[in-house]
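The structure appears right after this line, and notes come after that.
The values are calculated or read from the model by the stated rules, or taken from the named source; none is laboratory data. Note that this is a predicted model, so its numbers are computed, not measured. Quick reminder, even Gly has a Cβ in these numbers, built from the backbone with ideal geometry, and neighbours come from all protein chains shown.
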């Protein structure tokens with residue numbers, strides 16, 4: 001399943017998201033969700049410890065001035081990559 005997180009990590013129930021994740025799932029941070037992909041963010045650390053490497057939508061990180069602050073442990077993708085993720089995963093859950 002593809003999980004997209006568009007809300008700030010300060011407004012998201014991260015523990016519930018972590019409880020739902022399976023090893024084959026992908027997470028994509030969009031909109032204000034890209035804040036979670038910044039270096040040192042506790043959400044990012046929890047995801048990585050659970051074995052997941054989240055993706056970040058480049059355009060949203062750039063729009064918020066966060067591209068230089070993203071962790072080197074995330075995968076940065078563009079809209080083409082977003083489409084590829086939706087093709088790979090037949091199910092999508094927008095985490096809001």
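For the reader, a short list of remarks on this structure follows.
- Residue within segment 34-41 that is farther than 21 Å from residue 10 by Cβ and more than 13 Å from the chain's Cα centre (by Cα) present: no
- Some residue of segment 50-65 being on the phi > 0 side of the Ramachandran plot and modelled with pLDDT under 95: yes
- The C-beta contact set for segment 76-95 (first residue within 15 Å of residue 6 (Cα to Cα), second residue exposed (fewer than 11 other Cβ atoms within 10 Å of the Cβ) and at pLDDT below 95, distance under 9 angstrom, 6+ apart or interchain) comprises 95/13; 95/16.
- When segment 48-59 is filtered for residues that are surrounded by 15 or more Cβ atoms within 10 Å (Cβ to Cβ) and in a loop (DSSP other than H, G, I, E, B), the ones remaining, listed by number, are 52, 54.
- Residue count, segment 60-88 (criterion: within 16 Å of residue 9 (Cβ to Cβ) and either part of a helix (DSSP H, G or I) or more than 11 Å from the chain's Cα centre (by Cα) (or both)): 8
- Entry remark, segment 7-42: residues being touching a strand residue (DSSP E or B) at 6+ places or on another chain (Cβ under 9 Å), in a loop (DSSP other than H, G, I, E, B) and either modelled with pLDDT of 95 or more or exposed (fewer than 12 other Cβ atoms within 10 Å of the Cβ) (or both) number 4 in total.
- Verdict on residue 45 being under 13 Å from the mean Cα position of the chain (by Cα), part of a loop (DSSP other than H, G, I, E, B) and surrounded by 12 or more Cβ atoms within 10 Å (Cβ to Cβ): no
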